[in-house]
Amino acid sequence: MCGRPLSEEAEQAERTQAQEALERARRQQAPDEKREKPIGLGNSDALRSSYFGALLAAFLSNMPFLYLLSFIWYPACGFLSVYIYRRKTGAKPKPAQGGRLGVLTGILTFAISLVISAVNMLFAGQGAFSDLFRQQIEQTPAQEEVKRQILQLIDNPVVLGFLLLISLLVTLVFTVGFSAAGGALGAKILEDE
């Protein structure tokens, strides 16, 4: 009554279609080995590609006088991370993925720089951070009364801690932003190769 064909050939065709549908469903559920992993902390190739660029950027940005060129080192190391990732995996990341590689490089750069700075502060002594702020304030062209008030504020540990926190936050944003820009630029430039 439903109009379904009852011949042997029709039943065979129906079984073949069912098997094909089942096979397609299995392929979709099975993890694809050749599929690229998303770029992030869970991707070991992306992490390894970012390490070298991060180490290079951290050491260059902690060298006397070379730290002034950090706006060049950070994007260049983001670019380098994309290049290494392409060579290592054979994948051709899009600019958004290159930006993610750059962010990963920037975070690693910030962490390595933070460790280097902590070791420097440890060997420099307790008041090294406040002494650095004092020198910078004394060298700025401002009225003596304003300088005196700011120097009194720095003697307060809460204010000093707040200044340290703000400087770390600005450094993190700067490092990650420039590295991400370099990574996206690297992916865009290397996209056609």
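The values are calculated or read from the model by the stated rules, or taken from the named source; none is laboratory data. Worth saying up front: this structure is predicted, and the values here are computed from it rather than measured. Cβ sites come from the backbone with ideal geometry, for glycine too, and all protein chains shown count toward neighbours. Heads up: the accessible areas ignore ligands, DNA and RNA and are worked out on the full protein's heavy atoms, side chains in. Shrake-Rupley method; radii C 1.70, N 1.55, O 1.52, S 1.80 Å.
For the chain, what does -39500 (n - 2.57) per DSSP helix run (n ≥ 4), summed and divided by total residues, give at 222 nm, in deg cm²/dmol to the nearest 500?
-26500 deg cm²/dmol
Take the alpha carbon atoms of the stretch 41-77, find their center, do the same for the stretch 124-193, and report the distance between the two centers in whole angstrom.
Comparing the Cα centres of the stretch 41-77 and the stretch 124-193, I get a distance of 18 Å.
About its Cα centre, what dipole magnitude does the stretch 95-193 give when the only charges are +1 on Lys and Arg Cβ and -1 on Asp and Glu Cβ, stated in debye to the nearest 20?
160 debye
Taking a probe of 1.4 Å, how large is the accessible area per residue of the chain, in Å²?
69 Å²
Multiply the residue separation of Gln143 and Ala18 by 0.36 nm, subtract the distance between their alpha-carbon atoms, and state the gained length in nm to one decimal.
Fully extending the segment from Gln143 to Ala18 adds 36.5 nm.
Beta carbons within 10 angstrom, averaged per residue: use that to sort the peptides 7-17, 40-50, highest first. Walk me through the intermediate numbers first.
Values: 7-17: 10.1, 40-50: 17.5.
The packing order, highest mean first, is 40-50, 7-17.
How large is ³J(HN,Hα) for each residue in the stretch 153-161, as worked out from phi by the Karplus curve 6.51 cos²θ - 1.76 cosθ + 1.60 (θ = phi - 60°), to whole Hz, x for Gly and Pro?
Taking θ as phi minus 60°, the curve returns 5, 5, 5, 7, x, 5, 5, 4, x Hz for the stretch 153-161.
Compute the FRET efficiency between Phe71 and Leu163 as 1/(1 + (r/R0)^6), taking r as their Cβ-Cβ distance and R0 = 25 Å, and round to the nearest 0.05.
With a Förster radius of 25 Å, E is 0.65.
For the chain, take the longest principal axis of its alpha carbons; what is the angle in degrees between that and the long axis of helix 8-29, to the nearest 10 within 0 to 90?
Between helix and principal axis, roughly 10 degrees.
What Kirkwood hydrodynamic radius do you get for the chain when you take the inverse of the mean 1/r over all pairs of distinct Cα atoms, in Å?
20.7 Å
Quick check: with the 1.4 Å probe, what order do Phe123, Phe110, Phe79 take by accessible area, largest first? Could you put the intermediate results ahead of the total?
Numbers: Phe123 175, Phe110 35, Phe79 65 Å².
Reading off the accessible areas and sorting them downward yields Phe123, Phe79, Phe110.
Considering only Ser44, Val170, Leu160, whose Cα is most displaced toward the positive end of the charge dipole of the chain, charges sitting on Cβ of Lys, Arg (+1) and Asp, Glu (-1)?
Looking along the dipole axis, the top candidate is Ser44.
Can you tally the lysine pairs in the chain where the Cα-Cα distance is under 26 Å and the two residues are eight or more apart, or on different chains?
Count of close lysine pairs: 11.
Could you size up the charge dipole of the chain around its Cα centre, putting +1 on the beta carbon of Lys and Arg and -1 on that of Asp and Glu, and report it in debye to the nearest 20? Show your work: numbers first, answer last.
On the way: 19 positive and 18 negative charges, 41 e Å.
I would put it at about 200 debye.
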